[in-house]
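The values are calculated or read from the model by the stated rules, or taken from the named source; none is laboratory data. Since the model is a prediction, treat every value here as computed from it, not as a measurement. Heads up, the Cβs are rebuilt from the backbone with ideal geometry, glycines too, and the neighbour counts pull from every protein chain shown.
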Amino acid sequence: MSDKKDCAVVIIGGGPCGLVLAIELGRRGISTILLEEKTSPADFPAANATQARTMEHYRRLGFAEKVRAEGLPPDYPTDIAYFTRYTRHELARFSLPSARAAREIVRTLGGSWSAAELPHRVSQIFVEGVLRAEAAACPTVSIRPGWRMAALRDTGTGVEVDAEHNGGRTTLRAEYAVGADGGGSPTRKTLGYGYVGESGVVRDFFGGRMFAIHFRSPDLYRVMPHPRAWMYWTVNNGRRAFMASVNGRDRFTFHTQLRPDQSEKQITDADAKAMFQEAFAAPLDIEIIARSSWTAGYTLVAEKFQRGRIFLGGDAVHLFTPTGGLGYNTAVEDAVNLGWKLAAVLKGWGGPALLDSYEIERQAIARRNTGYARRFADSMGLFVPPPELEDDSPAGEAARKLTGDHFNHHARFEFNIPGITFGGRYDGSPLIVPDGTTPPPDEPNVYQPSACPGGRAPHLWLGDGRSLYDALGFEFTLMRLGGTAVDTAPFRAAADALNLPLTIMENAETAESEAARELYGANLALIRPDQIVAWRGDHATDALTVFRRATGHPTR
């Protein structure tokens, strides 16, 4: 049998994880084939929120502004609002900036929200369009719609992927394969791995089978008496639901929970419209574009993320209840983490332990993030609305005040989450060189910038108006923050010895050198390609050992 490979990496699945991985590999010149069973874009919006950390990665890859231009109009508010019914009493509201305002505000923020990018509220169907175009623009990436994986094998020296298309079948040979093929992942099932965690959580809301419609209604804003929002929730004892604006004009998604005796297959369009009308509480014509169903109550992480030359990412290794919008964003960071490591090994500068670190780093984050999503779902779904909530009486007013207080608190708990967004850490990873300092506490609503190795590189704006991240190299970057007396030559020599791409960011590039030195707490900081602090210190005497560890080589 020939050893000739069709590509270096086969990616199975063309959702956000698979597409971002294709971009990460393609930008590094790695030959990649992406198999996507769908032949046309999804007609049902899935995720609705791109978190700030994901936007920072899109900025690093050069298309954050393309993503921010999608979805809602630039001046559309991204508020989260809660109502008894959509045209009745407003209970609570968390006001958030429009896309245009976010571009301006981000430069004024510090502390927990010191960032290069703020979140963007945009449907996944629009994001995937950008990602697909960016992946397709990479000369070494081939996207193959209508192709599905039928079987795959690890041969020890590579992988073989049997792919089917229009009844035909071919075998693709590659160095590695990555299954980013969703919650029902055929790749994960082929490897024999299951999920671990909770799958049957029952709540009054957000615990059980959910039914959803994507609909069009040009008159909704005219009929609704409340200020516009991005996300609308109903809280009552009859029809709890949430609705997101897709384009800020006439397209929306509506999700509600089915009763245990209901089957989505038995629901007619008339039934679906009746459920919507029950939550809307006013006559409104809607046109159903698509319908879907899903299960709320998952807190699941796969037993393993890798076997040999076959890896898993995205929903294939973690399933969330979508509170907090963490599923899609966790999937993107899976791809970012795996992408540079695969490329490093394929190019020869990644060590033998580099790929093994993917599961070590990302499985812990998946457990963390699914746990946070469960807490948000409990706060939302276990709340029992008072029976008088909708009464026009003093008791009704008191019930609405109590409910409003709960959801004003809940909205800030679920939607103001810099700690989750920026605070994920890889403590205990074999690639991280600890310095004996204590990492900041892991809290959902507070992020403490810290250069303690293992976490996101702290951000600051440079004197020339750029983000610090704009000055980092695409692969490893050594930041010199301690003045000209600090010698960086040992790091350059070590990088050359390992044939490792290194950018040295000199003190002059930081402009506010004293502020940067104080922020990082050291003269030198080594930043990984995924913008994680791998090491910091005041001297470069152990440069080769640091690099060997950060890239998965034995340190002897």
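Descriptive notes on the structure:
- Residue within segment 179-188 that is assigned to a loop (DSSP other than H, G, I, E, B) and out of contact with any helix residue (DSSP H, G or I) (no Cβ under 6 Å at 6 or more places or on another chain) present: yes
- Segment 13-43, subset among the hydroxyl-bearing types (Ser, Thr, Tyr) and assigned to a loop (DSSP other than H, G, I, E, B), residue surrounded by the fewest Cβ atoms within 10 Å (Cβ to Cβ): Ser40
- Taking strands (runs of 3 or more DSSP E) as the structural unit, those lying wholly within segment 215-323 and holding at least 3 residues that are of a type in the set (A, V, I, L, M) correspond to 241-245, 287-296, 299-302.
- In segment 359-378, of all residues being of a type in the set (Gly, Ala, Ser) and buried (at least 18 other Cβ atoms within 10 Å of the Cβ), the one that is nearest to the chain's Cα centre (by Cα) corresponds to Ala366.
- Residue in segment 506-517 that is in contact with a strand residue (DSSP E or B) (Cβ under 6 Å, 6 or more places away or on another chain) and either modelled with pLDDT of 95 or more or not assigned by TED's automatic domain parsing to the domain that holds Leu338 (or both) present: yes
- Any hit, segment 97-111, residues being among the basic types (Lys, Arg) and closer than 30 Å to Gly13 by Cβ: no
- Lone unmet requirement of (1) closer than 22 Å to Leu326 by Cα; (2) in a strand (DSSP E or B); (3) not assigned by TED's automatic domain parsing to the domain that holds Ala281 for Ala81: (3)
- Restricting Phe44, Phe94 to those that are of a type in the set (Phe, Trp, Tyr), closer than 24 Å to Met149 by Cα and over 15 Å from the mean Cα position of the chain (by Cα) reduces the list to Phe44.
- Residue satisfying condition, being under 30 Å from Gly381 (Cα atoms), crowded, with 18+ Cβ neighbours inside 10 Å, among the polar types (S, T, N, Q) and out of contact with any helix residue (DSSP H, G or I) (no Cβ under 8 Å at 6 or more places or on another chain), within set Thr488, Thr403: Thr403
- Single residue of His226, His214, His255 found to be in contact with a Ser or Thr (Cβ under 6 Å, 6 or more places away or on another chain), at pLDDT 95 or above, closer than 30 Å to Asp271 by Cα and crowded, with 16+ Cβ neighbours inside 10 Å: His214
- Applying a threshold of 7 Å to beta carbon distances and a minimum spacing of six or more residues, or different chains, the list of pairs starting in segment 234-254 at a residue that is closer than 26 Å to His120 by Cβ and ending at one that is among the acidic types (Asp, Glu) and part of a strand (DSSP E or B) is empty.
- Boolean, His410 is touching a helix residue (DSSP H, G or I) at 6+ places or on another chain (Cβ under 6 Å), closer than 22 Å to Gly325 by Cβ, in a loop (DSSP other than H, G, I, E, B) and not assigned by TED's automatic domain parsing to the domain that holds Gly324: no
- Residues in segment 336-361 that are acidic (Asp, Glu), touching a residue at least 60 places away in the same chain (Cβ under 8 Å) and either in a loop (DSSP other than H, G, I, E, B) or farther than 20 Å from Phe474 by Cβ (or both): Asp356 alone.
- Given (1) more than 15 Å from Arg68 (Cβ to Cβ); (2) modelled with pLDDT under 95, number of the condition Ala81 does not satisfy: (2)
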